[in-house]
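Input: a single structure, listed below in structure tokens.
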Amino acid sequence: MNDDIHFYEPANSHGLAHDPFNALVAPRPIGWISSQDNNGVLNLAPYSFFNAFNYRPPIVGFSSIGYKDSVRNIEANGEFCWSLVTRPLAERMNETSAAVGPDVDEFAYAGLTAKQSRIVAVPHVAESPVSFECKVTKVLQLAGADGKEIETWMVLGEVVGVHIDRHLLRDGIYDTAAAHPVMRGGGAADYFTVDSRQQFRMYRPK
């Protein structure tokens, strides 16, 4: 056995100061998800388990540990939006993670503007330079290897509308670094951003 490898079984203690799982699958894009309930009350919440899963049709998804307001709203109405978290918006994104009641509009709570979407009824964050309008394709309750359901729900949605600030398009190519996206790290307060110094190019083999 290699003593330079720390091995643990997740079902048992990891034996470290902080659970490393989130840090190992990281940095992760943040799912800044907007939804609304049947009375039109808006909800805006960040989810660190978020990603893209398909090209055509484009599908994104996030998972919620606990059946939270976002999942409840999305199941009821079948729509949601994702807005990109950038470095200037990081602190306000963090404010929307506060544990507030379902009657609280996190857009107003964090001083953000709810911008009307073009296709779905749910608004997106006006201050964000990139947003997706999404229609739900599946809501799944996750299960462990033993087949027992756990208190986590995964929401998948087809992207039916995309908003991109034109200043991020350079010769028809989206400039990821120019947006300064914020991603979640593994520690209790760890976040990362991207700039052009991290960029390199590598083409697929023909």
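Every number in this text was worked out from the coordinates using simple rules, so none of it is lab data. Quantities reported herein were computed from a predicted structural model and do not represent experimental measurements. Cβ atoms come from the backbone with ideal geometry, glycine included; neighbour counts cover every protein chain shown.
Data table
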quantity	calculated
Sites Val41 and Lys148, calculated FRET efficiency, Cβ-Cβ separation with R0 22 Å, nearest 0.05	0.10
Around Asn39: net Lys/Arg minus Asp/Glu count, Cβ-Cβ under 14 Å	-3
Order of Arg87, Arg118, Arg56 - criterion: other Cβ atoms within 10 Å of each residue's Cβ, fewest first	Arg56, Arg118, Arg87
Karplus 3J(HN,Hα) series, Hz, for region 36-48 with 6.51 cos²θ - 1.76 cosθ + 1.60 (x for Gly, Pro)	8, 8, 5, 9, x, 6, 7, 9, 9, 9, x, 10, 7
